[in-house]
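**Student:** Handing you a structure now.
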Amino acid sequence: MSIRERLSGNEAVATAMKQINPDVVAAFPITPSTEIPQYFSTFVANGSVDTEFVAVESEHSAMSACIGAQAAGARAMTATSANGLSLMWEMIYIASSLRLPMVMNLVNRAVSGPLNIHNDHSDAMGVRDSGWIMLFSENNQEAYDNNLMAHRIAEHKDVQLPVMICQDGFITSHSIENIELEDDETVKKFVGEYHPEHYLLNRKEPIAVGPLDLQGYLFEHKTQQANAMRNAKKVIEEVSKDFEKLTGRKYSFFEEYKLDDAEIAIVCMNSTAGTTKFVVDELRSKGVKAGLLKIRMFRPFPTVEVAKALSHLKAVAVLDKSDSLNGAGGALYEDVVSSMYVAGNNVPMVNYVYGIGGRDTKSDDIESVYTDLQEIAKTGKIDNPYRYLGLRKGDAK
């Protein structure tokens, strides 16, 4: 039976980590993820876990320590944000290329510069093609649940890739919400023990980890990574079904909120989905057939499924909380448009970059997007598909 509790997103993640009881946690503090290793360190200090907690001198070292631990045969976890993730960048790619199924919580924050400690998705988008599975969390409950599922996904024999669990800095990480926790024994049984097939401390199988990989083999190894990412879709689906049987909480690649009969819809990720659901309900009460597609699994991207879910709509807006600075929209927009094009679905689509540096995105802002979509659905015309939401007029030239 689930246990009712009130926790912040960071507390929820640390609690999940306590219940998982990983072999090694290496971390360096950075706002707004600092509380995760801080809370977890108290569990280490009071004996609630027997994890080896490694307090390192930088985020680069934190990821390096996790790589070493995981390669040795241990189950490793960490957490970071923004500039900390940037400092890890070299090791992020090494972790995935070595097929090390560790789990990292990324509390999303704007990457410098200029310096900003508030929420957008520029950190996650900067490593979106690094070979990590990426799960996004609308609220504290989803951040907790994603952690419970992550190791089973990462450690599956057909996957063997690291998992990054994202939540919005301060918006969910520091906000207290009602949450349902599973008891420790239930979590332990669901997650299972980690028994790697190949690891450095196996005396019966001497191996090298991270050798030079030149023209003769690197292409094939990168293709193996890509195939593992494709395999992850099926594994994520299977683990989500097992999790639903255990808890009653259902997760899929994305959430369709009043989308079945919708004529216009927004696609977004993380906490913005909660605001959008409120606006959808308000518009529905006025007779507007609005809907929402909340992406939960960003890597691997569910191309076929997204295209099918949006195919019946008259107009779609994709909201990106990070600008790709490419003159052609944000990363989520690019993936959605590509999915629709490959599937042959010609639905008018528009992109809105929003919330940069923690800029507040209110229900009125979301409603204005739906107002724009109603006009697009009516006329079929899009003057400019690359737009900004909540930008002060005249200050961005």
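The values are calculated or read from the model by the stated rules, or taken from the named source; none is laboratory data. Source: prediction; values computed, not measured. Note that each Cβ is placed from the backbone with ideal geometry, even for glycine, and that neighbours are counted across all protein chains shown.
**Student:** Out of everything in region 39-80 that is outside any helix (DSSP H, G or I) and among the polar types (S, T, N, Q), what residue ends up being farthest from the chain's Cα centre (by Cα)?
**Tutor:** For region 39-80, the residue satisfying everything is N46.
**Student:** Testing R6 on (1) farther than 21 Å from M88 by Cα; (2) touching a residue at least 60 places away in the same chain (Cβ under 8 Å); (3) in contact with a helix residue (DSSP H, G or I) (Cβ under 6 Å, 6 or more places away or on another chain), one condition comes back false. Which one is that?
**Tutor:** It is condition (3) that R6 fails.
**Student:** So is I36 assigned to a helix (DSSP H, G or I), of a type in the set (V, I, T) and either surrounded by fewer than 24 Cβ atoms within 10 Å (Cβ to Cβ) or in contact with a helix residue (DSSP H, G or I) (Cβ under 7 Å, 6 or more places away or on another chain) (or both) or not?
**Tutor:** So I36 fits the description; yes.
**Student:** Looking at (1) of a type in the set (S, T, Y); (2) within 30 Å of G192 (Cα to Cα); (3) surrounded by fewer than 20 Cβ atoms within 10 Å (Cβ to Cβ), which is the only condition Y251 fails?
**Tutor:** (3)
**Student:** Could you list, in sequence order, all residues of region 105-153 that are over 28 Å from R4 (Cα atoms), outside any loop (DSSP other than H, G, I, E, B) and either without any contact (Cβ under 8 Å) to a residue 24 or more places away in the chain or not β-branched (V, I, T) (or both)?
**Tutor:** Of everything in region 105-153, those that are over 28 Å from R4 (Cα atoms), outside any loop (DSSP other than H, G, I, E, B) and either without any contact (Cβ under 8 Å) to a residue 24 or more places away in the chain or not β-branched (V, I, T) (or both) turn out to be S122, D123, A124, M125, G126.
**Student:** Can I ask one more? Could you please find all residues in region 28-55 being more than 30 Å from E205 (Cα to Cα) and either in contact (Cβ under 8 Å) with a residue 40 or more places away in the chain or in contact with a strand residue (DSSP E or B) (Cβ under 7 Å, 6 or more places away or on another chain) (or both)?
**Tutor:** The answer is F28, I30, T31, P32, S33, E35, I36, P37, F40, S41, V44.
**Student:** Still on this model: Since Y354 meets every condition but one in (1) exposed (fewer than 15 other Cβ atoms within 10 Å of the Cβ); (2) within 20 Å of G274 (Cβ to Cβ), which condition does it not meet?
**Tutor:** Looking at each condition in turn, Y354 falls short on (1).
**Student:** Do we find that V336 is in contact with a strand residue (DSSP E or B) (Cβ under 6 Å, 6 or more places away or on another chain) and within 23 Å of M297 (Cβ to Cβ) in this structure?
**Tutor:** Yes; evaluated as a whole, the condition is true for this residue.
**Student:** In the list G330, G358, which residue meets the criterion of being on the phi > 0 side of the Ramachandran plot and in the same structural domain as K277 (by TED's automatic domain parsing)?
**Tutor:** Testing whether each residue is on the phi > 0 side of the Ramachandran plot and in the same structural domain as K277 (by TED's automatic domain parsing) leaves just G358.
**Student:** Going residue by residue through region 237-247, is there one that turns out to be in a loop (DSSP other than H, G, I, E, B) and either more than 30 Å from L373 (Cα to Cα) or small (G, A, S) (or both)?
**Tutor:** no
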